[in-house]
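Encoded as C-alpha cells, the structure appears first; notes follow it.
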Amino acid sequence: MSHSALEDAAPRPPSLSVIDGLKYTGRAQIFNRWLIPTYRTAFRWMGTRLDAEEATAEVFSGLVLALALPAEVRLVDEQVNDAALLAVTRFWSDRYDVRRVQWSEICAAEAVWRPTSTLDTLFEGLSAEMRLVLVLRFLRKRSLAAIAAQLGIRQAGARSTMITALTDIAERIGLPPEPAGVAQEECVTAFVDGLIAEARPVRFGVDPQAWPALVGATHVQAAIAGNDLPQRRFVRMMERRLRTAEERGIVTSLRIWSA
C-alpha cells in the first residue's frame, strides 16, 4: 500500500486543540467542529440525505467562508447553529408553504431536545400498536397494506395510527400541540413514502395540523442508526471545496476530518 493510501486510510482526529483563547483561528477548525453536527441537524428536520447535504453545503459555503478570523468561538458557534436552523426554516417555507413563524418553534424544539435521541427515546409513551406500526414502516419498510394485514386492521386504520404516532413524537420533541384530528392523510403518507425510499418527498402545501406528523417522520428517519451521518463522498466534496478556496487565498491550512 502506498504512503498516500495509508494516510487516507488512517483515522484523522478533529484539530480542535489549536483554538487559542477560545477563538477560532482557522476555518478548518470550524469545519472539523461543525460539519457533522450541522448535517445531523439538517437531516433531523428534513429527513433525506440530498436535502441535508444541500443545507449543510449552503451553511458552510455561505457563512463559514465569509467569516473574519480570528473570531470568538461562542459567537461563531451561534452563527453556524442559526444558519443551520434558518436553512431548515427555508426548507419548510419554500417547499411546503409552512409559515415563517415555525422558526421559533424549530429553535425551541432544538433547545430542549437532544440530537442523539434514539428510536426508544422517541417511541417512549407511544402505545404498543403505534410502536409496532412505526417499526414495521420505517425499519422494516413494509407497506401500510402489509402492516394492516399483519395487525388484522384496515389499511386506513394503520395509516391513522402511523400519523397519530408521528404527531405525538413531534409534540414530545417540543412542537406545540395542534387541534385534535389528522389532516392531509394521503399527503403525509406520500411524504413518509419518500423518506423511506431515500428520495425527496413530493411538495405540497402543508396544513398546520399536518406539519407535526411530517416533523415526527423526519426525526424517526434520523434516529435510525447511521442515517444521519454524512457519506464519505460528501465529506470529501466539502474538503475539496475548501481546498479550492485555499488556493484562491480564502482559506489556509485546511484539513478536514472524515470519520
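The values are calculated or read from the model by the stated rules, or taken from the named source; none is laboratory data. As the structure is a prediction and not an experimental result, all values here were calculated from the model. Using ideal geometry, Cβ is built from the backbone for each residue, glycine included, and neighbour counts are taken over all protein chains shown. Just the protein is used for accessible areas: all its heavy atoms, side chains included, with ligands, DNA and RNA removed. Shrake-Rupley method; radii C 1.70, N 1.55, O 1.52, S 1.80 Å.
Counting only helices (runs of 4 or more DSSP H) that fall entirely inside the stretch 115-168 and contain at least 2 residues that are modelled with pLDDT of 95 or more and open to solvent by 50 Å² or more (accessible area, probe 1.4 Å), the qualifying elements are 128-134, 144-151. Taken over the stretch 169-198, the residue count meeting the criterion of being out of contact with any Lys or Arg (no Cβ under 9 Å at 6 or more places or on another chain), part of a loop (DSSP other than H, G, I, E, B) and open to solvent by 40 Å² or more (accessible area, probe 1.4 Å) is 7.
Residues checked against (1) modelled with pLDDT under 90; (2) among the polar types (S, T, N, Q); (3) open to solvent by 40 Å² or more (accessible area, probe 1.4 Å):
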{"position": "Leu50", "(1), (2), (3)": "no, no, yes"}
{"position": "Leu67", "(1), (2), (3)": "yes, no, no"}
{"position": "Ala84", "(1), (2), (3)": "no, no, no"}
{"position": "Trp103", "(1), (2), (3)": "yes, no, yes"}
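Residues in the stretch 58-76 that are more than 28 Å from Leu214 (Cα to Cα), assigned to a helix (DSSP H, G or I) and charged (D, E, K, R): Arg74 alone.
For the stretch 86-101, filtering for residues that are in contact (Cβ under 8 Å) with a residue 60 or more places away in the chain, more than 20 Å from Gly174 (Cα to Cα) and open to solvent by 60 Å² or more (accessible area, probe 1.4 Å) leaves 1. Looking across Glu105, Glu110, one residue alone is in a helix (DSSP H, G or I), among the charged types (D, E, K, R), in contact with a helix residue (DSSP H, G or I) (Cβ under 7 Å, 6 or more places away or on another chain) and in contact (Cβ under 8 Å) with a residue 60 or more places away in the chain. It is Glu110.
Scanning the stretch 60-77 turns up at least one residue that is within 16 Å of the chain's Cα centre (by Cα) and over 24 Å from Ser160 (Cβ atoms). Check the stretch 212-231 and report whether any residue there is out of contact with any strand residue (DSSP E or B) (no Cβ under 8 Å at 6 or more places or on another chain), farther than 24 Å from Ser117 by Cβ, modelled with pLDDT under 95 and open to solvent by 60 Å² or more (accessible area, probe 1.4 Å). Within the stretch 212-231, not a single residue is out of contact with any strand residue (DSSP E or B) (no Cβ under 8 Å at 6 or more places or on another chain), farther than 24 Å from Ser117 by Cβ, modelled with pLDDT under 95 and open to solvent by 60 Å² or more (accessible area, probe 1.4 Å).
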